[in-house]
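The values are calculated or read from the model by the stated rules, or taken from the named source; none is laboratory data. The model shown is predicted, which means the values in this text are computed figures rather than measured ones. Reconstructed Cβ throughout: ideal geometry from the backbone, glycine too, with neighbour counts over all protein chains shown.
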Amino acid sequence: MTEVWRDIPGYEGAYQVSDQGRVRSLDRVVLRVHRWGGQPQEWRYKGKILSAKPKDCGHLNVSLGANNTHLVHRLVLLSFVGEPGAGCECLHINGIPSDNRLQNLRWGSRYENRADMRTHAQQYGRRQGSSQLTEDAIRQIKQKLIAKQPQKSIAAEFGVHPNTVNNISREYTHKWVQV
């Protein structure tokens, strides 16, 4: 399969993105004046594949110049699909935020994005990264709640705040975990 490259809108001739989610800079010549003055000089930059840095949530960022970072998934969609409609966000179809292939991305509403997150258990589960509870621990908590144990003692046993146990009991979080 051939990787297809397109110019990034607003960075034509300088940066491109591929349908596989990679970003590269292009060979270019820039005229620059030395800070102490003098004649402008040509500075030659060789193109290269840029390294993407992960954010805490798993999405990848890439720097297109000094203090100018962009989310890779947005660059892919902007270059291959176009501008999003009003209120649209980028959705990862398979639920993996670092998978920025064009076939895995689409524009959608915030409602669709949240529904996808719940489907893929990203927002409320162990895949979130900051979660302290595994699915087995949540099952144990739910069993203790069914047995009518006090929520404070359950929270102390698992080392979480009592509100966490309360949210599990009311099914505000971790709905997909079955007992």
Worksheet item: Restricting attention to region 128-172, and to residues there that are assigned to a loop (DSSP other than H, G, I, E, B) and at pLDDT below 80, which single residue is surrounded by the fewest Cβ atoms within 10 Å (Cβ to Cβ)?
Response: S130
Discussion item. Quick test of your reading of the structure: D19 fulfils all but one of (1) among the charged types (D, E, K, R); (2) under 15 Å from the mean Cα position of the chain (by Cα); (3) within 28 Å of T2 (Cβ to Cβ). Name the failing condition by number.
Written reply: (2)
Practice prompt. State yes or no: is A147 more than 24 Å from D56 (Cα to Cα), among the small types (G, A, S) and not assigned by TED's automatic domain parsing to the domain that holds R24?
Written response: yes
Worksheet item: If W43 satisfies every condition in (1) under 22 Å from R106 (Cα atoms); (2) in a strand (DSSP E or B); (3) not charged (D, E, K, R) but one, which is the exception?
Response: (1)
Item to complete: Answer with yes or no whether G85 is under 30 Å from A115 (Cβ atoms), surrounded by 12 or more Cβ atoms within 10 Å (Cβ to Cβ) and modelled with pLDDT under 90.
Response: no
Practice prompt. State yes or no: is G58 within 15 Å of the chain's Cα centre (by Cα) and more than 18 Å from Y11 (Cβ to Cβ)?
Written response: yes
Item to complete: Go over the candidates S51, S25 one by one and state the one that is exposed (fewer than 14 other Cβ atoms within 10 Å of the Cβ) and among the hydroxyl-bearing types (S, T, Y).
Response: S51
Worksheet item: Is region 108-127 home to any residue that is surrounded by 16 or more Cβ atoms within 10 Å (Cβ to Cβ), at pLDDT 90 or above and charged (D, E, K, R)?
Response: no
